[in-house]
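*Asks:* Supplied in structure tokens, the structure appears directly below.
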Amino acid sequence: MVRLLKPGCRTIILITDIKTRPKLIPSFHKAVWPYRKSKTLLFGHMLIEKGLLWYSELLRLSLCESKTFKINPRNCVGTVIALNGHRKYFCMYHAKHPETNNDRKRLMKMKKHLERDTTDPEIGAFVEVNSDESDCEQKILLEENLLDGLSNWLDRLFEGSTHRYSVNYWPDFPTK
């Protein structure tokens, strides 16, 4: 699904585990449905139990680290990786990934700016964000909500505005 792709094609993979697979695949399917007719896209999912070594090696290669990572598989559930096999880069979506928090931070700054400029306490209410940043950062994320921002991320992916992580080669996927 990665190495044998034609140039210009991408693979989009959802990472799940056995327990969350029935909950996440329908949300993933709904988000990627508009792109189903594209001949340059291939969709799939990977069980983290089977692909943890591959995933940790991929992260190690992209960060140019020589040491191995200890990854908690539960934290990987809900991650979506868009791989470009020919150009050797990937983009990553996760609900808690910094790239997906930019909109919330921008809204927080706008609300603080509006509250500072006037004495009316209701002026920033249209933003609908708590004024306490610690509440936003420590919000509990349920499995059903892991892919809520995936549609927006896919739009940014196809615009080319997501961050690309380069690798020198694709790691081998363990067959056993």
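*Asks:* What are the ³J(HN,Hα) couplings of region 43-58, residue after residue, when phi is run through the Karplus curve with 6.51, -1.76, 1.60 and θ = phi - 60°? Round to Hz, x for glycine and proline.
*Replies:* 10, x, 9, 10, 7, 5, 4, 8, x, 4, 5, 5, 5, 5, 5, 4
*Asks:* Quote to one decimal, in nm, the extra length available between T175 and Y89 on full extension: 0.36 nm per residue of separation minus the C-alpha distance between them.
*Replies:* 28.7 nm
Each value in this text was obtained by applying a stated rule to the coordinates, not by laboratory testing. Everything numeric here is computed off the predicted structure, so don't read it as measured data.
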